[in-house]
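Computed from the coordinates by the stated procedures, all read-outs in this text should not be read as laboratory data. Remember, it's a predicted structure, so these values are computed and weren't measured experimentally. Here the Cβ positions follow ideal geometry from the backbone for every residue, glycine too, while neighbour counts run over all protein chains shown.
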Amino acid sequence: MMTAAANKCIWLLGAWVACASQLQAAPAPAGATDADLQSLCQPDALQAIAAKVVTGKVSVQQLVNGQFKSAARFVAATGNLPAYCQVSGTFVTNASTGKTSGFLATLPARWNGKYLQIGCSGHCGQFFVSDAATASVTVTTQGHPGDIIGRGYASFATDEGHAGISASGWETNDDAVTDFYYRAQKTLTHVGKEFTTAFYGQLNDQRRKIARSYFTGCSGGGRDAYVAASYFPEEFDGIIAGSAYNLIGISLHAVGAATAKARTPGGNVPDALLALVDPIVKAKCDALDGVQDGIIQNPQACDFRPDRDLPKCADAADGKCFTAAQIETLSVAYSALTDEKGNVIQPGYSVSEMLSPSLGGLAALGNASMKLMVHKDPDFPLESLYKFSSGDSGAVTAFHAILPRAEVDKAMTSARMGIGHFPENANNLIQLNRKMLIWHNFSDEKLSPYTGINHYKQLAKLHGGYAKLQENVRLFMMPGTSHCGGGAEPVGPNNFDALTAMENWVEKGIAPDALPAKLYVPILTGGVQFDKPRDRTMPLCKFPEMAHYSGKGDINDASNWSCPASDKSLLKIGESGRQAGVVE
Ligand SMILES: [Ca+2]
């Protein structure tokens, strides 16, 4: 099943990568040569261009703390990839205080007239997955390395106004938090577009308007995409949002899971023991989708509860059974966080391919969100607010974490501009007839896939049902894959071409449907190894459709699978989905 496209990709982590078949660069404007680009790609020449940006003061400079290696960097054409110029610097996000954020732009020799803004990761403060010239950008964008530059996109990313992901004190500074929530990305939409037209104008390209603008991001970058869709959708023709962070809900669930794990001795579940869970889940649920193939297409439909279905230790743990404390830890991870009345605050994790980050692994990020950004107090006693019990009201009856509604409301209000998951926020995007393509890994061990599903179900209720909503917003679940498609050996195809899907939707009117996806060996830190394809392809279906095997032919071949148009299989919820707090 290896394709020619995959064979032509050269994999070098953090370095330049060529994917010959992906290149669709537009013709070069008359008169501009690579030598012209090279002479323009100097700090002084770029600063003269930056001076033309009227949105805010832009300074071309090397960013501090090793965020980007130089103020300007020219890279000559190699293979089928055009030459490009990378430029970094700062732009003012708050004129009254002088607050700035960093940016990194990548400008290829043959501009296609389009602008792409690339989201960040986690709490940002770096360009690790938003540098278009590295392979790790595919953690954020899906697709292949080289897609963005090879196609001729001018692309921009920001560090969202601080250096370093956390622990540098910025989270208690209101100006810095506002940049992180939304302002750096919003301001960059103007700065980046103005810089782009000024830059190519200098190269004799007389286009003064950007033909199309897109946003793409996963994880923290998925949050950025949802925030853009919520608060400035007019800036983009299309927004791609992958496995998005909803900031407060996930933070609260993660701190709850970590608190559950620490509250009794022996509450930790070692990886070796956790590995016993998956075969039990698979035995119960793999075949529910019609075929026993190692992939659970709809983990919500499972009937699995750790308190009922896992082997229990009568006495001491022997590595083959679970203590009561360990079962409680797992139950808190799988179950929704609720308020005192049993209302779901944040859904729990999928039962498919459970990995240890789900057991409170994001607590450091969660504490930074809650204690520092919301409460401005590193000693705020958040953990003491949690209670743990089996539910006596609401649908979540398994052992789960409970938090007072007042605390949740305070956090949601305080962080509102950093959250893109309020369903009413999609009104503007839909009224403007812009497009949003959402994707989420169905076995996401960090940011629960049910975050995406619950939000989408609420959108459908608010915006006239699925068929109507799909005119503007489509959701694609990726079964059997972990966070942003990397991180652990997946069973399901973990890469697809999101940017082409969006271009076809916006530019050709072909709405995304049954998107072809392919399985690759992942990289532990995120992304996939494009030189290591596995023999498995499958269509990704638009929610609530689910991929169905035809019953004939190679089960690993996408041509033997389909997304039936009237299918509603992903609306089916079993005990696992109910305990996880999936909206019914
Ligand atoms: Ca299956």
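Where the convex hull is taken over the Cα atoms of the range 328-435, what is its projected area averaged over directions, in nm²?
Details: hull surface 34.2 nm².
In nm², the orientation-averaged hull projection of the range 328-435 is 8.5.
The label point for ALA314 and the one for SER389, both projected 7 Å from the Cα toward the Cβ, are 3.2 nm apart.
Scanning residues 5 or more positions from LEU475 or on other chains, those with amide H under 5 Å from its amide H are ILE438, PHE543, with H placed 1.01 Å from N in the peptide plane. Across the range 440-584, counting alpha-carbon atoms alone, Rg and Dmax equal 15.3, 44 Å.
Within the range 358-414, list the trypsin sites (Lys or Arg not before Pro) lying in a DSSP loop whose Cβ has at most 16 other Cβ atoms in a 10 Å radius. Sparse-neighbourhood loop trypsin sites (Lys or Arg not before Pro): LYS376. Pairs of Cα atoms nearer than 8 Å and 6+ residues apart set the relative contact order; for the range 315-425 it is 29 percent. Averaged over residues, the count of other Cβ atoms within 10 Å places the peptides 244-250, 94-100 in the sequence 244-250, 94-100, highest first. Computed over neighbours whose Cβ is under 14 Å from that of ILE250, the net charge equals 0, Lys and Arg +1, Asp and Glu -1. Other residues within the sphere of radius under 11 Å centred on the Cβ of TYR182, judged by their own Cβ, net out at +1 (K and R +1, D and E -1).
Computed from point charges on the beta carbon alone (+1 for Lys and Arg, -1 for Asp and Glu), the dipole magnitude for the chain about its Cα centre is near 1020 Debye. The tail of the calculated P(r) for the chain beyond 40 Å holds 23 percent of all Cα-Cα pairs.
Given a cut-off of under 8 Å on Cα pairs at least six residues apart, what relative contact order in percent is computed for the range 245-373? If you can, show how the numbers build up before the last one.
Values: 190 pairs, mean separation 52.2, N = 129.
Answer for the range 245-373 is 40 percent.
Using C-alpha pairs below 8 Å separated by at least 6 residues, the relative contact order for the chain is 14 percent. Here the range 132-208 is treated as an ellipsoid with the same Cα gyration tensor; its semi-axes, largest first and in whole Å, are 28, 19, 9.
Rounded to the nearest 10 degrees, the inclination of helix 405-414 to the longest alpha-carbon principal axis of the chain is 0 degrees.
Taking Cα atoms only, the orientation of helix 220-231 departs from the longest principal axis of the chain by about 80 degrees.
For the chain, the longest principal axis of the C-alpha atoms and the axis of helix 498-508 are separated by about 60°. The range 374-388 and the range 61-82 have Cα centres spaced 42 Å apart. Residues whose amide H comes within less than 5 Å of that of THR100, counting only those at least five positions distant or on another chain, are THR93 (H built at 1.01 Å from N in the peptide plane). Work through the residues other than LEU403 whose Cβ is under 9 Å from its Cβ and net out their charges, Lys, Arg +1 and Asp, Glu -1. Summing Lys and Arg as +1 and Asp and Glu as -1 gives -1. Compared with the alpha-carbon gap, the fully stretched path from SER96 to ASN343 is longer by 84.7 nm at 0.36 nm per residue.
I'd like the antiparallel share, as a percent to the nearest 5, of DSSP beta bridges with both residues in the chain. Here the antiparallel bridges make up roughly 60 percent for the chain.
Size descriptors for the range 414-469, from the alpha-carbon set: Rg then Dmax equal 12.2, 34 Å. Put a dot 7 Å past each Cα toward the Cβ at ASN560 and THR264; how far apart are the dots in nm? It is 4.6 nm.
By the gyration tensor of its Cα atoms, with a ≥ b ≥ c the square roots of the eigenvalues, what is the shape of the range 210-346: rounded for a/c under 1.5, prolate for a/b over b/c, or oblate? Walk me through the intermediate numbers first.
Values: a/c = 2.79, a/b = 1.77, b/c = 1.58.
Since a/c reaches 1.5 and a/b is larger than b/c, the shape of the range 210-346 is classed as prolate.
Each part gets one Cα centre, and for the range 561-584 versus the range 232-294 those centres are 16 Å apart.
What is the extension gain from ASN427 to VAL54, computed as 0.36 nm multiplied by their sequence separation minus the C-alpha to C-alpha distance, in nm to one decimal? Mind showing how you got there, number by number?
Numbers: separation 373, 0.36 × 373 = 134.28 nm, distance 2.95 nm.
In short, 131.3 nm is gained.
Phi angles across the range 432-449 convert, under the Karplus curve 6.51 cos²θ - 1.76 cosθ + 1.60 with θ = phi - 60°, into 3J(HN,Hα) values of 7, 6, 8, 10, 9, 10, 9, 10, 8, 5, 6, 10, 4, 8, 10, 10, 3, x Hz, Gly and Pro given as x.
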